[in-house]
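Report on one structure; see the data block that follows.
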Amino acid sequence: MAYIDYYKILGVDKSATQDDIKKAYRKLARKLHPDLNPDDKEAERQFKELNEANEVLSNPENRAKYDKYGEHWKHGEEYEKAQQQQRQYQQQNNYNGGYSGADFGEGEDFSDFFQSMFGGAGGFGKSSRGSASGKFKGQDVQAELTLNLRDAAKTHPQTFEINGKKVRITIPAGVYDGQQIKLKGHGNPGFNGGPQGDLYITFNIPVDPDFERIGDDLKTKVTIDLYTAVLGGDVKVHTLDGSVSLKVKPGTQNGMTVRLKGKGFPVYKKDGHHGDLFVTYEVKLPVNLTDKQKELFEQLKNS
């Protein structure tokens, strides 16, 4: 596997915080998203590399393995387990050496181990007494699932394919951007009869054009004309599950905000609980007034 500099792909240095990585990913994801670059193979390739880099560096555990093992980070756990197994074997049998593969001493070049174990060049764990019997858990798999805000607001099934197998999950209403769930035993196959790894799914919820989500609350804007702002009236407000008629009080000011209780986002794994919807009024001033209308405004001004 060729070395890919995930930090370079995201445009951050190795000292970047998790928040720095998240911000860098979101910025580039918007720029390279296939919907914004149709039929652009280079943008598609870069978008795939970007997702791969984010899946590794956004997970602190995987990031630590990547920093230590580079392109072999996926097998870092096997290497560490092999180190431990060798030490135990040597202690129990008072045996120094004997592995025909890698010597797991301090400062060892990891590539020798990975080549012997995964590259087909010689067997790992063989000694004068035969094959090692260590069973290793399979590598965990990282996946990203993109949902729009409205899909994230409802419980629904989702089916996708991992390692040639279809996986069906039920996504609870209320998941949030960046949230990660674990599906035990849905990762890569184990080694030497070991258990399968796990599948980690991270949810990506892009910015919605109509609503801003803050925790379980939502914010939106609605435009009203000057006459409604002055005299009061009704205005239709869109919510996640339809629309409601809202009473506008006379004398409503531009930028005034009202709260619609229970019309916000569903609370994660709490059926029937919702946040609130905050509606901000934007007063639109009339344009292209007739002389008569201007005269009426002059009268109001001087009254």
G232: passes all of (1) surrounded by fewer than 11 Cβ atoms within 10 Å (Cβ to Cβ); (2) over 30 Å from V175 (Cβ atoms); (3) among the small types (G, A, S) but (1)
Of the residues in the range 246-303, those that are modelled with pLDDT of 90 or more, on the phi > 0 side of the Ramachandran plot and loosely packed, with under 10 Cβ neighbours inside 10 Å come to G272
Within the range 176-186, the residues that are surrounded by 15 or more Cβ atoms within 10 Å (Cβ to Cβ) and not in a loop (DSSP other than H, G, I, E, B) are L183
Problem - So D198, is it among the acidic types (D, E), within 30 Å of D151 (Cα to Cα) and surrounded by fewer than 17 Cβ atoms within 10 Å (Cβ to Cβ) - result: no
Check your understanding: Is it fair to say A29 is under 19 Å from V141 (Cβ atoms), open to solvent by less than 60 Å² (accessible area, probe 1.4 Å) and not polar (S, T, N, Q)?
Key -> no
Wholly inside the range 208-303, strands (runs of 3 or more DSSP E) that include 2 or more residues that are touching a residue at least 60 places away in the same chain (Cβ under 8 Å) are 217-225, 277-284
From the option list A43, A53, A82, single residue qualifying as at pLDDT below 65 and either open to solvent by 70 Å² or more (accessible area, probe 1.4 Å) or aliphatic (A, V, I, L, M) (or both) is A82
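Yes or no, residue by residue, for (1) of a type outside the set (S, T, N, Q); (2) closer than 30 Å to P286 by Cα; (3) modelled with pLDDT under 90:
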site	(1), (2), (3)
D177	yes, no, no
N188	no, no, yes
T202	no, no, no
T223	no, yes, no
L226	yes, yes, no
The number of residues in the range 136-175 that are within 26 Å of K65 (Cβ to Cβ), part of a loop (DSSP other than H, G, I, E, B) and touching a residue at least 60 places away in the same chain (Cβ under 8 Å) is 3
E212 vs (1) over 20 Å from the mean Cα position of the chain (by Cα); (2) under 21 Å from V283 (Cβ atoms): all pass except (1)
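The values are calculated or read from the model by the stated rules, or taken from the named source; none is laboratory data. Here the structure is a predicted model, which is why all the values come from computation and not from measurement. When we count neighbours, we look across all protein chains shown, and the Cβ atoms used for this are built from the backbone with ideal geometry, even at glycine. For accessibility, only protein heavy atoms count, side chains too; no ligands or nucleic acids. Shrake-Rupley method; radii C 1.70, N 1.55, O 1.52, S 1.80 Å.
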